[in-house]
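Presented below is the structure to which this report refers.
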Amino acid sequence: MLKAKRYHIVCDLMKCNNKINKKNELIDFIVNLAQLINMKIIKGPEIEKGTAKNPGLTAFAIIDYSHISVHTFTKYNEALIDIFSCKKYNAKKAFDFCLNFFESDINNSRINKVCWE
């Protein structure tokens, strides 16, 4: 029997604002999200630009209990966010932060929450 607990949300946000194409905004997003869910960033955020065929940004940070990643698709105005941790955090607060930061709304979003306690 595994002893580690798992708390994982995947957020697919559509109709996002132009922050999805700005490296400094994604850095702020990850730093502020980590603080909001009481996680310490160990490494990152690291950010890379996509290809001409797949424009957007990918940002990633290793946090003390796992990771936060963001993939943006500028031609579709989408942000795909993954928050995984072995330490419990407030998933609703994290999801609401994502919606607010990228100015998306619940009708233009999907969230999948997986938790094993």
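No lab work stands behind these numbers, since they all come straight from the coordinates. Quantities reported herein were computed from a predicted structural model and do not represent experimental measurements. Note: ideal-geometry Cβ built from the backbone for every residue, glycine included; neighbour counts use all protein chains shown.
Which of (1) 1.84; (2) 1.29; (3) 1.03 is the computed Cα Rg over 2.2 N^0.38 Å for the structure on display?
Recomputing Cα Rg over 2.2 N^0.38 Å here gives the entry labelled (3).
Helix-only estimate, please: 222 nm mean residue ellipticity of the chain, summing -39500 (n - 2.57) across DSSP H runs of length 4 or more and dividing by its residues, to the nearest 500.
-6500 deg cm²/dmol
Quickly work out the Lys43-to-Asn100 label distance, labels modelled 7 Å from Cα along the C-beta direction, and quote it in nm with one decimal.
Distance between label points: 3.1 nm.
Using only Cα atoms, tell me the angle between helix 23-36 and the longest principal axis of the chain; keep it within 0 to 90° and round to the nearest 10.
On a 0 to 90 degree scale, this one is about 20.
Normalised by the number of residues in the stretch 6-116, what is the relative contact order in percent for Cα pairs under 8 Å and 6+ residues apart?
Averaging sequence separation for qualifying contacts and normalising by length gives 41 percent for the stretch 6-116.
Could you work out how far apart the two model spin labels at Phe84 and Val114 are, taking each label as a point 7 Å from the Cα in the direction of the beta carbon, and quote it in nm?
Modelled inter-label distance: 0.8 nm.
So which trypsin sites (Lys or Arg not before Pro) in the stretch 46-117 are both in a DSSP loop and have at most 16 other Cβ atoms within 10 Å of their Cβ?
Sparse-neighbourhood loop trypsin sites (Lys or Arg not before Pro): Lys53, Lys75, Lys87, Lys88.
Tell me the angle of helix 91-101 to the major Cα principal axis of the chain, expressed in degrees between 0 and 90 and rounded to the nearest ten.
It works out to around 20 degrees.
On full extension of the chain, what length is gained from Tyr76 through Asp64, given 0.36 nm per residue of separation minus the C-alpha to C-alpha distance?
1.1 nm
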